[in-house]
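Below you'll find the structure, written out as structure tokens, and then a few comments.
The values are calculated or read from the model by the stated rules, or taken from the named source; none is laboratory data. On a predicted model such as this, the values are computed, not experimentally measured, just so you know. FYI the Cβ positions are ideal-geometry reconstructions off the backbone, even for glycines, and counts take in every protein chain you see.
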Amino acid sequence: MKKAILFDLDGTLLPMDTDRFIKNYMRELAKKVAHIVDPEEFSKALWAGTSAMIKNRDDSITNEQVFEESFLPLIKLEKQAIWPTLDEFYANTFPTLSHLSSPTPIAKQVIEAALKQGYKVAVATNPVFPKVAIYERIKWAGLDDSVFSHITVYENSYFTKPHPQYYQHISNQLQVNPENCIMVGNDKQEDMAASAIGMKTYLVEDWLIDRGESLYNIDGQGTLAHLYEQLVNRSGLFK
């Protein structure tokens, strides 16, 4: 029997149009810091910092540190000159973006069913956001963050999707071998990459992201509702 289920967040447990969300998020964040740094320069630096996290292969430095080392020199500011404003944004403005998501009660039902059947559960969202932003989106999904054995955020992660090291790190944190884990996500490339280290994969089709031909195994697929039925009935990947 599989012992842990890793769940992607955006587009999986939290239905949303990710591109629309990112566009609005970037616009609001750039507006918030406009009195400190030119919004266009800020946006370029933010993307550069994100790209640096995605490319990183150094397991001695967190995604947070990688981001800061790339981002701050580009905006030519010390951390203390801009971080209080960013913190204020995440505390007060970011929650107002919840309207860009479409929460479903099935997400909570899925998590409750997994826990009832003895699985460890983890939120395996791409850790390019700070903890406060990811935990806020977990709240949007109608979920209690305390039930998860691990949640990937940029403060506690060293890699990003689709790198195998990202999934191996979660496996290590859960103390469950990869072959006893199931990765559930809506991204055919980034989430199904978990199969590269032996995890089983389930592709959620509701808000499917497919960038082209997949190189990874897909062991099961269907809607989140279909996944719930399989989980409750202990069928498919959940036998």
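Suppose we keep only residues that are surrounded by fewer than 22 Cβ atoms within 10 Å (Cβ to Cβ) and among the small types (Gly, Ala, Ser) within segment 168-206. Which one would you say is farthest from GLY236 (Cα to Cα)?
Ranking the qualifying residues of segment 168-206, first place goes to ALA196.
Only one of these conditions is not met by LEU29: (1) surrounded by fewer than 17 Cβ atoms within 10 Å (Cβ to Cβ); (2) aliphatic (A, V, I, L, M); (3) touching a residue at least 40 places away in the same chain (Cβ under 8 Å). Which number is it?
(1)
List pairs: first in segment 127-145 and closer than 24 Å to LYS55 by Cα, second outside any helix (DSSP H, G or I) and charged (D, E, K, R), Cβ under 6 Å, 6+ apart or cross-chain?
LYS131/GLU155
With respect to ASP87, determine if the residue is under 30 Å from GLU179 (Cβ atoms), charged (D, E, K, R) and over 17 Å from the mean Cα position of the chain (by Cα).
No: the conditions fail for ASP87.
Picking from PHE94, PHE42, PHE71, which residue would you name as being aromatic (Phe, Trp, Tyr), modelled with pLDDT of 95 or more and within 17 Å of the chain's Cα centre (by Cα)?
PHE94
Suppose we keep only residues that are modelled with pLDDT of 95 or more and β-branched (Val, Ile, Thr) within segment 1-21. Which one would you say is surrounded by the fewest Cβ atoms within 10 Å (Cβ to Cβ)?
THR12
Under 18 Å from GLY185 (Cβ atoms) and part of a loop (DSSP other than H, G, I, E, B) - does that describe any residue in segment 131-141?
yes
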